[in-house]
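All of the numbers you see were taken from the coordinates with simple rules; none came from a lab. Values in this document were obtained by computation on a predicted structure and should not be read as measured data. Don't worry about glycine lacking a Cβ; one is built from the backbone with ideal geometry, like all the others, and counts go over all protein chains shown.
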Amino acid sequence: MSNGFSGHFRVMDTPYFNTAVHRVRVVLSLIAGGLGGAAFFWLSLPLPWMLGSMLVVSAGAVGGLPFRRSIRLRKAMIAIMGLILGSCFTADKLSQLGLWSLAMLLVSVYVVLMTGVSLGVFRRFGRMNLPTAYFSSMLGGLGPMTIAGEEAGGNNQLIPIAHVIRIFCVVSSVPIYLTFVQGVDLTPPPIVLSEFIAVPHWRDWLIWGGCAVIGFFGARAIRIPFGEILGPMLLCAAAYIFGLITVVLPPFVVIAAQIVIGTSIGTQFANLRGRHVLRTVVTSLGSTVVMLVGALIIAELMAPVLKIDSLSLLLALVPGGLVEMGLIAVSLNADTAFISVMHTWRFILIAISAPLLFGLFWRGFLQPGRHPPTSTDNPDARSG
């Protein structure tokens, strides 16, 4: 009998079994996300497919349900989001790039101001060491900031939590604010079955597929920052600008992307335990509220100056992800091309400048002649 039990446990400990369990958990997460999105759609709530899936799955993850995400599926949907955003570019939008330079400068100023404020908040109330607070306060780049922060001696658990909370707070609060304060109608139109299941011509699918695959792997090969979405977006934008394709992606593709993205965000709230994690969550919420209020004030003041509608400028400033803000912009019929360019600029600015400035700041002002602390020197890292 003991041999039978030991053989049973050996089977359960195999890579194949663990992979199968993970896939089952991913499927359960997607089912829960789809049901959450459908419930929000039925209730006519704003941005239902992404918000519904995100809130339902995050609640289940915090409650201990074994929800997991598929990295490969998320990356595939990010490439599809690149296609969705790229389809919003036209020759007319391309001619406006020069006019958007002042908006890019405004985004840069906003990033610097909010980063400084957030750094103070994380240091004072989050009780983080400098590397953890610095890279947690950045207004984008969850993956790159986590890697750079860990290399600088930051806590590789608290930094991604801070960024996930920021994205979650922005994605959930912006539609609610627009709906109940600004009176913007974010209720999705009724689903017309014939339009929902309409299949474009095979030539259109071929162009979309080529843009997604070539853009995704090409950008990865030449190491473009955030290339997984920028590569497909740029190629797809070129296809629309040059008239190679004119139809939009089918509604079921957009809905599937929203469910996968929302579910993926929600699953990251699993295993949130411990006093330090709770403090980081609360501090991140406070920091994000400051960012949102700052974006709202700047958008209202500067929109007339830049001759851009305040809604598009607000969505261009708020520190959500390009994927998430792009989905909101598409749902609003806002200037998606402008919003995509501004968020792309913000990501590139942060990805390039944040690690460089931290190195210069540390060496030049804090500890001359001393290297940044390792994780063993970091009390946050030990507690995490």
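Remarks
- Multiplying the residue separation of W205 and L285 by 0.36 nm and subtracting their alpha-carbon distance yields 24.7 nm.
- Computed extension gain for A20 through I176, at 0.36 nm per residue and net of the alpha carbon distance, reaches 52.4 nm.
- In this label model, L356 and L301 are separated by 2.8 nm, measuring between points 7 Å along each Cα→Cβ vector.
- Using a Förster distance of 45 Å, the FRET efficiency for L102-I31 (Cβ separation, nearest 0.05): 0.45
- Theoretical gain in end-to-end length, I224 to F125 [0.36 nm per residue, Cα-Cα removed]: 32.1 nm
- Most to least packed among 318-328, 159-169 [average Cβ atoms within 10 Å]: 318-328, 159-169
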